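Enquirer: This structure is in structure tokens; I'll ask about it shortly.
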Amino acid sequence: MFDKILIANRGEIALRILRACKELGIATVAVHSTADADAMHVRLADESVCVGPPPSKDSYLNVPALLAACEITGADAVHPGYGFLSENARFAEILADHNLHFIGPKADHIRLMGDKIEAKKTAKKLGIPVVPGSDGAVAPDQDAMAIAKSIGFPVLVKAAAGGGGRGMKVAHTEADLALALTTAANEAKAAFGDASVYLEKYLQKPRHIEIQVLGDGRGGAIHLGERDCSLQRRHQKVWEEGPSPAIDAASRARIGSTVAKAMQQMKYLGVGTVEFLYEDGEFYFIEMNTRIQVEHPVTEMITGLDLVLEQIRIAAGGDLPLTQDEVTITGHSIECRVNAENPVTFRPSPGKILQYHPPGGLGVRIDSAVYQGYVIPPYYDSLVGKLIVHGKTRAECLMRLRRALDEMVVEGIETTLPLFRALVREPAIIDGDYHIHWLEQYLAGQQPG
Ligand code: ADP
């Protein structure tokens with residue numbers, strides 16, 4: 001096992017990792033920018049090192065400063081959390097070159113899945129069903145129109161290097177294609193330095209269903225069921241739940257075993273998520289995330305497993321904590337991402353939290369790093385915290401969520417709490433009857449179809 005882990009992240013996920021380390025008896029090193037000197041993860045870690053000024057590129061993404069922090073403190077492993085350097089294959093390699101463990105998958109797998117075109121090709125090879133689309137990138141000299149016509153409109157132009165919903169444009173008809181191609185390519189070039197794009201059939205009312213996996217890197221791999229992340233705004237998840245209200249045990253077992261087999265073949269190491277769109281009873285692979293995800297607590301609540309703790313144990317060479325047959329899904333869980341944003345315009349609302357009361361009681365969990373008097377800095381993501389609720393059934397879970405949301409107080413800044421209080425009372429949400437475009441239609445004041 002590791003002796004000392006450096007946590008190359010901030011906010012709630014840094015705290016989440018710290019908690020797992022404490023339970024395992026591993027010493028912790030927090031790193032922080034000058035803007036985060038008062039942050040909770042810094043206060044709770046055994047040691048802390050300032051790695052630079054507020055902008056992420058100069059601090060949380062500053063690889064030389066992170067290496068120096070490992071050297072100074074004698075850390076033997078780095079946990080990257082999510083975002084920042086978590087899916088940076090080069091970072092994993094640099095750590096290895098310095099005899100430091102990267103708590104995550106093998107660098108080759110990070111690189112492979114980071115290129116969405118290569119990821120799709122790999123998925124197909126491994127027997128995972130994919131969204132119909134172009135065979136790889138659409139080259140400038142290729143007849144994009146012919147490819148699009150063969151897929152059938154509407155088509156979605158997507159960036160090979162995509163992430164966070166950027167570099168994605170829909171072409172509803174033939175007339176939209178040229179513009180969608182240029183805008184997506186330009187956006188991708190600006191955001192990721194790679195203009196390659198590919199085409200996919202644009203699905204009209206799918207759900208976003210993702211399968212959580214765990215692999216030992218030696219050919220052992222299991223799946224831990226699904227999360228339904230269909231409630232999205234600008235392709236960003238807002239509310240996640242598991243099990244999906246749309247999936248039955250047979251479909252879960254079918255897609256789960258396909259994914260687990262693929263991970264066994266790859267000899268995948270650590271935690272990962274294989275994402276699908278699901279429409280008319282069929283699953284279509286869109287991408288794989290090779291890291292712990294924001295919404296991992298949903299799976300923890302229904303499986304009883306501590307995913308971050310298992311991730312650390314496996315990175316240190318440990319075995320899978322259980323066999324596929326031993327995995328049980330108990331009850332239902334929902335997570336709401338409470339952001340420091342105006343609940344109508346979604347404009348970020350950083351600033352000082354004057355009043356803070358997290359809800360409690362049976363089945364209620366808060367993963368957050370804020371406290372009363374904490375100032376949310378304007379430099380990073382706007383997550384205030386995740387409210388995660390568990391119940392024996394989906395109905396009980398909703399009942400608890402309603403009361404927890406009403407109990408939660410965050411004052412001094414604007415938050416998205418009012419949006420969740422409304423959603424949890426919406427008939428379509430209560431019925432579990434929604435798809436990936438539902439929330440945007442609802443927010444636009446339309447009757448979601
Ligand atoms: P990113 O890496 O930018 O997050 P993804 O490929 O994971 O991109 O897609 C993010 C979201 O965009 C999906 O959850 C879904 O809402 C939407 N999306 C992606 N592909 C399609 C598609 N072919 N048809 C319709 N919506 C899609």
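Taken together, the values in this text are just the output of simple stated rules run on the coordinates, not laboratory data. Bear in mind that the values here come from a model prediction, so they are computed numbers and not experimental data. Cβ placement follows ideal geometry from the backbone for every residue including glycine, while neighbour counts extend to all protein chains displayed.
Enquirer: Starting from 0.36 nm per residue, how many nanometres of slack lie between Gln355 and Glu440 once their C-alpha separation is accounted for?
Expert: In short, 27.6 nm is gained.
Enquirer: Can you give the FRET efficiency for Ser257 and Glu23, using 1/(1 + (r/R0)^6), R0 = 22 Å, r = Cβ-Cβ distance, to the nearest 0.05? Intermediate results must be reported in sequence, preceding the final value.
Expert: On the way: r = 31 Å, r/R0 = 1.41.
Using R0 = 22 Å, I get an efficiency of 0.10.
Enquirer: Whole-Hz ³J(HN,Hα) for each residue in the range 401-409, computed from phi via Karplus 6.51 cos²θ - 1.76 cosθ + 1.60 with θ = phi - 60°, x for glycine and proline: what do you get?
Expert: Each residue's phi maps through the Karplus curve to give 5, 4, 6, 5, 5, 5, 7, 6, 10 Hz.
Enquirer: Still on this model: How many angstrom lie between the C-alpha centres of the range 350-399 and the range 57-136?
Expert: Measuring centre to centre over Cα atoms gives 28 Å.
Enquirer: Calculate the FRET efficiency for Thr328 and Asp433 from the Cβ-Cβ distance with a Förster distance of 30 Å, rounded to the nearest 0.05.
Expert: Computed FRET efficiency for Thr328 and Asp433: 0.65.
Enquirer: Given H placed on each backbone N at 1.01 Å, which residues far from Gly385 in sequence or on other chains put an amide H within less than 5 Å of it?
Expert: Under 5 Å from the amide H of Gly385 lie the amide H atoms of Val338, each far enough along the sequence or on another chain.
Enquirer: Shifting gears a bit: Semi-axes of the equivalent ellipsoid of the range 4-103: what are they in whole Å, largest first, if each equals the square root of 5 times a C-alpha gyration tensor eigenvalue? Present the calculation step by step, with values, prior to reporting the outcome.
Expert: Numbers: eigenvalues 60, 52, 29 Å².
In descending order the semi-axes read 17, 16, 12 Å.
Enquirer: Computed on alpha carbon atoms, what radius of gyration and Dmax characterise the chain, expressed in Å?
Expert: Cα only, the chain: 21.4, 61 Å (Rg, Dmax).
Enquirer: Another question, then. If neighbour count is taken as other Cβ atoms inside 10 Å, put Tyr379, Tyr284 in order from fewest to most. Mind dumping the intermediate values first?
Expert: Working: Tyr379 16, Tyr284 21.
Fewest-to-most Cβ neighbours within 10 Å comes out as Tyr379, Tyr284.
Enquirer: Right, another one. Name the lysines eligible as straight-distance cross-link partners of Lys201: C-alpha to C-alpha under 28 Å, and not fewer than 8 places from it in the same chain.
Expert: Result set, ordered by chain and number: Lys116, Lys120, Lys121, Lys124, Lys125, Lys149, Lys158, Lys169, Lys189, Lys237, Lys261.
Enquirer: Right, here's the next one. Which loop-located trypsin sites (Lys or Arg not before Pro) does the range 343-393 contain, where loop means any DSSP state but H, G, I, E or B and the Cβ has at most 14 other Cβ atoms within 10 Å?
Expert: Hits after loop and neighbour filter: Lys392.
Enquirer: I want to verify a result. In a Gaussian network model of the chain, Cα cutoff 10 Å, which of these has the top mean-square fluctuation: Glu326, Glu118, Glu12?
Expert: Result for the chain, Cα springs under 10 Å: Glu326 fluctuates most.
Enquirer: Could you give each residue of the range 298-308 its phi-based ³J(HN,Hα) in whole Hz, using Karplus coefficients 6.51, -1.76, 1.60 with θ = phi - 60°, and x for Gly or Pro?
Expert: 4, 5, 4, 5, 9, 10, x, 9, 8, 5, 6
Enquirer: Next up: For the chain, modelled as a GNM with alpha-carbon contacts under 10 angstrom, which of His79, His172, His101 fluctuates the most?
Expert: His172
Enquirer: Which residue fluctuates most in the GNM of the chain (Cα springs below 10 Å): Arg227, Arg16, Arg347?
Expert: Largest GNM mean-square fluctuation: Arg347.
Enquirer: Give the percent of DSSP beta bridges with both residues in the chain that are antiparallel, rounded to the nearest 5. Please report the intermediate quantities before stating the final value.
Expert: Working: 60 of 75 bridges.
Antiparallel bridges make up about 80 percent of those DSSP assigns within the chain.
Enquirer: Show me, for the range 145-162, the HN-Hα J-couplings you get by feeding each phi into the Karplus relation (A = 6.51, B = -1.76, C = 1.60, θ = phi - 60°), rounded to Hz, glycine and proline as x.
Expert: Along the range 145-162, the couplings run 5, 5, 5, 4, 5, 5, 6, x, 6, x, 10, 10, 8, 10, 7, 4, 8, x Hz.
Enquirer: If you don't mind, another one. Do the sum for the chain: with -39,500 (n - 2.57) for every DSSP H run of n ≥ 4, divided by all residues, what is the mean residue ellipticity at 222 nm, to the nearest 500 deg cm²/dmol?
Expert: -9500 deg cm²/dmol
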